[in-house]
Each structure stands twice: as C-alpha cells, then as structure tokens.
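**Q** To start, I am sharing the structure in question, which I have written as structure tokens.
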Ligand SMILES: *Cc1c(COP(=O)(O)O)cnc(C)c1O
C-alpha cells in the first residue's frame, strides 16, 4: 500500500518523474524532432516529436498525477488545449458555455468555431437552471469555468455533471483559477479538465502552455489523435520548465491563498474600493458553494474603484511592487484592467451585463509578503485620490 500523501508531497513528486533510460532524477530536455528507428516502422518508443517526445511524456504523466487523472496531455497554450477539446466534436454540435469565460475562450468559440457549424450558448451558470433550459438533442458539451474570470462567479460542478449524466454530453471544466491543488473537477463528475499552464501551474510568468486531464480512455484517445494531427504541442524546453514549476505548485498555492485572504480583507476596509469579490470572503454570494466545492480559495481578487476613472489610472501607475500586466498566477503580484486589457474581445453588451466596466480591476496576488503587498496598495490609494 503506498503511503497517503499530503498536497505538498504530491506536487514535489508529481514533477519528479525519473527518466527511464538514464535514471536522471530531473527530466532531461530531449531537444530533438526525430528518433532513430531499429528497422522501418520499428521504433524505440518515439518516432517524431509532434506525436510524442520523452520530455513531454514526463510532463504529461505529471499533469495526470496532479489531477489524479489516468491521462494527461500537454499543449502549446491554454487555448491550443481548448481547441483540441472542441475538435473532438462532430459538426452541428451544440455547446453550453459559462457566460463570463476567459476572454480568449469566448473569442475562440464565437469568432473561430461558430464559422465551422458549431453553436454555442453562453449562459449564467451560477444558476444551474440556465444550463438545464438550454440542453437540446444537439448538445454535446457543457463548458464550465469556475471561478469565472474576472467576476469570480462559481458554478456548481457536481450539479452540472448530474445534468449530463446518462447522456452523451461531455462536461469540461477550466480549472486554471484554482489549479489542481484547490479544486478537483474529475472527482466531482467532470469528464475533462483543462488548464492554462501559463498561469498557476507554470507559476513564474515565463512560459505559455496548456494541459488536458481526463480519466476517460475514449476521450483521451480522441484528444490524443487531435494533438498529433493538429500539432499544437509544446517544445521540450517548455515541458521542462513546466515540470520544474509543478514541484512548488502546492507550496505556492498556499502562499497565494494566504496573501489573497489578507489583501481581500484589507481592500474591503478601504473607502476608495468597493465590491471586493473573493470566494473566501463571507460576503461572496456563493461563499457556501466555495467552501463545499473548493479546497482553497486561490489568489485572485476583483474589485471596483470607488471614484473617477482618472484616479484608477493613477492608482495603477502608483503601485511599486504590483505590476500592471495581463496574465495571472505568477509568483509576482499583477494587476489587470479587464475592460481595456484581457476582456477587450468580449462583446460590449455582454461586458456591461457582466459588470466588466472601466472601474473594475483584477488582482493576481503573488507570493510576496502580504504586509508588503498591502503597504504597496495603501501607498498607491493615497497617491491616487484626487479629492
Ligand atoms: C489564460 C487563460 C486561458 C488561456 O490560456 P493561454 O495559455 O493564454 O492560451 C484559458 N482559461 C483561463 C481561465 C485563463 O486564465
């Protein structure tokens, strides 16, 4: 019987996949496109790196372990992983999607895949009835993102999966915001988990990558075929960097969460800030679901500036530690203006409905000392107040 392992141990050992031929403890970078064959068609396990590469193979094993899935697949970006999932569908399929998915996900579905005869319904999934009402005989997929980005609404994964039971509807969960440390969609009934490994799993803002985990063999085979046939695969160096990052994932997530909690509490007490949204605050409308479904509340906070837009701009420019930049999940704190930055591609009407306006900011709390982050925010708030 293997010993029961804590999250910290699991992360360290998921990333440590000893290489079989040499025993190298750290995954070597197999920077090669092709592999020598023994006789025509008889390989030593690999033939061409689009189809498979040993460094990528080790990463894929590690990714599977993180989500306690049977299979893992690595892609060149989060969106490349997403398009592979869509490409396992037949034409005319109908997909129900969270209405405030990551901006790039919405753009991929609306501006690329609608052209190919797929249809998408974007609904507010914080109310499960909205999903139920849209299911028809062409529905083949329910695409959940929870917490959503940037408004941090939650979707009940277990209840959503019940709607798909005894049907051929595949449930996909974008688990980027929680990382495998804080949420386990497969154990709640989901068929596929997708990550932008660019974010928490990569964690150092130095790579772009995507991952898919599943325990369904048929789904894996279809995805694996798309991965090879379409070829949106990561380079061996990117795979190596991701493996290196995985070892500290649980350690980083713990610090992200602790910091975010302190920062969220601080923000709720500021006159210049209103509507602090963080799943770990009791004021979050779905706090009970957050406690039930998530093992931790992660490190993203959204909030509204209480004052003119010019002040908000000054605030973002007055920050010393916190960097104004897109992306999230890195060790350093980043602040983002969704309307002008990450969510520019969301149709204006929908943006307004979701509350993504010029006063909204999203903070990805890093792993610095939380008192220092708070000092930085405090200084910037003081410097930016025009009144
Ligand atoms: C960033 C992100 C993506 C897209 O991933 P890329 O690596 O940028 O292609 C998808 N979903 C979520 C929730 C994200 O934050």
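The values are calculated or read from the model by the stated rules, or taken from the named source; none is laboratory data. Here the structure is a predicted model, which means the values were calculated and not measured. Every residue, glycine among them, receives a Cβ derived from its backbone with ideal geometry; neighbour counts consider all protein chains shown.
**Q** Do you know which residues across the stretch 100-124 are within 14 Å of the ligand (Cβ to nearest atom) and surrounded by 14 or more Cβ atoms within 10 Å (Cβ to Cβ)?
**A** Our first condition is that a residue be within 14 Å of the ligand (Cβ to nearest atom); within the stretch 100-124, this holds for 100-109, 112.
Scanning the stretch 100-124 gives 100, 101, 102, 103, 104, 105, 106, 107, 108, 109.
**Q** Would you confirm whether any residue within the stretch 317-340 is part of a helix (DSSP H, G or I) and either under 23 Å from residue 374 (Cβ atoms) or modelled with pLDDT of 95 or more (or both)?
**A** Yes, because at least one residue in the stretch 317-340 is part of a helix (DSSP H, G or I) and either under 23 Å from residue 374 (Cβ atoms) or modelled with pLDDT of 95 or more (or both).
**Q** Another question, if that's okay. Restrict the check to the stretch 60-73 and report whether at least one residue is at pLDDT 95 or above, on the phi < 0 side of the Ramachandran plot and within 15 Å of the ligand (Cβ to nearest atom).
**A** Looking through the stretch 60-73, at least one residue is at pLDDT 95 or above, on the phi < 0 side of the Ramachandran plot and within 15 Å of the ligand (Cβ to nearest atom).
**Q** Looking at 95, 135, 142, 157 in this structure, which one is surrounded by fewer than 19 Cβ atoms within 10 Å (Cβ to Cβ) and in contact (Cβ under 8 Å) with a residue 12 or more places away in the chain?
**A** 135
**Q** Further question on the same structure: Within the stretch 193-215, can one find any residue that is away from the ligand (no atom under 16 Å from the Cβ), surrounded by fewer than 20 Cβ atoms within 10 Å (Cβ to Cβ) and over 12 Å from the mean Cα position of the chain (by Cα)? Step through it out loud before you land on a result.
**A** Initial filter on the stretch 193-215 (away from the ligand (no atom under 16 Å from the Cβ)): 214-215.
With the extra rule that they be surrounded by fewer than 20 Cβ atoms within 10 Å (Cβ to Cβ), the set shrinks to 215.
The next check asks that each one be over 12 Å from the mean Cα position of the chain (by Cα); those that pass are 215.
Checked against the condition, which is being away from the ligand (no atom under 16 Å from the Cβ), surrounded by fewer than 20 Cβ atoms within 10 Å (Cβ to Cβ) and over 12 Å from the mean Cα position of the chain (by Cα), the stretch 193-215 yields at least one hit.
**Q** Further question on the same structure: Restricting the search to the stretch 81-107, which residues are part of a helix (DSSP H, G or I) and out of contact with any strand residue (DSSP E or B) (no Cβ under 8 Å at 6 or more places or on another chain)? I'd like the intermediate steps shown before the answer.
**A** First pass over the stretch 81-107, keeping only residues part of a helix (DSSP H, G or I): 81-86, 103-107.
Those that are part of a helix (DSSP H, G or I) and out of contact with any strand residue (DSSP E or B) (no Cβ under 8 Å at 6 or more places or on another chain): 83, 103, 104, 107.
**Q** Whether any residue in the stretch 343-357 is surrounded by fewer than 17 Cβ atoms within 10 Å (Cβ to Cβ) and within 16 Å of the ligand (Cβ to nearest atom) is what I want to check.
**A** Within the stretch 343-357, one or more residues are surrounded by fewer than 17 Cβ atoms within 10 Å (Cβ to Cβ) and within 16 Å of the ligand (Cβ to nearest atom).
**Q** Let me ask something else about it. Considering 128, 86, 96, which residue is within 15 Å of the ligand (Cβ to nearest atom) and in contact with a helix residue (DSSP H, G or I) (Cβ under 6 Å, 6 or more places away or on another chain)? Steps first, answer last, please.
**A** Details: 128 fails: within 15 Å of the ligand (Cβ to nearest atom); 96 fails: within 15 Å of the ligand (Cβ to nearest atom).
Every option except 86 fails the conditions.
**Q** Right, next: Just give me the residues in the stretch 298-321 being under 30 Å from residue 184 (Cα atoms) and in contact with a helix residue (DSSP H, G or I) (Cβ under 6 Å, 6 or more places away or on another chain), in sequence order.
**A** 298, 299, 301, 303
**Q** Here are some conditions: (1) more than 24 Å from residue 60 (Cα to Cα); (2) more than 14 Å from the ligand (Cβ to nearest atom); (3) within 19 Å of the chain's Cα centre (by Cα). Residue 165 meets all but one. Which one does it not meet?
**A** So the condition that residue 165 fails would be (3).
**Q** Also, quick follow-up: Can you confirm whether the stretch 194-216 contains a residue that is on the phi < 0 side of the Ramachandran plot and at pLDDT below 95?
**A** Among the residues of the stretch 194-216, not one is on the phi < 0 side of the Ramachandran plot and at pLDDT below 95, which makes the answer no.
**Q** Evaluate the following for residue 250: is it in contact with a helix residue (DSSP H, G or I) (Cβ under 7 Å, 6 or more places away or on another chain), buried (at least 20 other Cβ atoms within 10 Å of the Cβ) and touching a residue at least 40 places away in the same chain (Cβ under 8 Å)?
**A** Considered against the rule, which asks whether it is in contact with a helix residue (DSSP H, G or I) (Cβ under 7 Å, 6 or more places away or on another chain), buried (at least 20 other Cβ atoms within 10 Å of the Cβ) and touching a residue at least 40 places away in the same chain (Cβ under 8 Å), residue 250 comes out as yes.
**Q** Among the residues of the stretch 157-178, write down those that are under 24 Å from residue 92 (Cβ atoms) and not in a strand (DSSP E or B).
**A** Of everything in the stretch 157-178, those that are under 24 Å from residue 92 (Cβ atoms) and not in a strand (DSSP E or B) turn out to be 160, 161, 163, 164, 165, 166, 167, 168, 169.
**Q** Please go through (1) more than 16 Å from the ligand (Cβ to nearest atom); (2) modelled with pLDDT of 95 or more; (3) touching a helix residue (DSSP H, G or I) at 6+ places or on another chain (Cβ under 7 Å) for residue 32 and return the number of the only condition it doesn't satisfy.
**A** Of (1) more than 16 Å from the ligand (Cβ to nearest atom); (2) modelled with pLDDT of 95 or more; (3) touching a helix residue (DSSP H, G or I) at 6+ places or on another chain (Cβ under 7 Å), only one is false for residue 32: (3).
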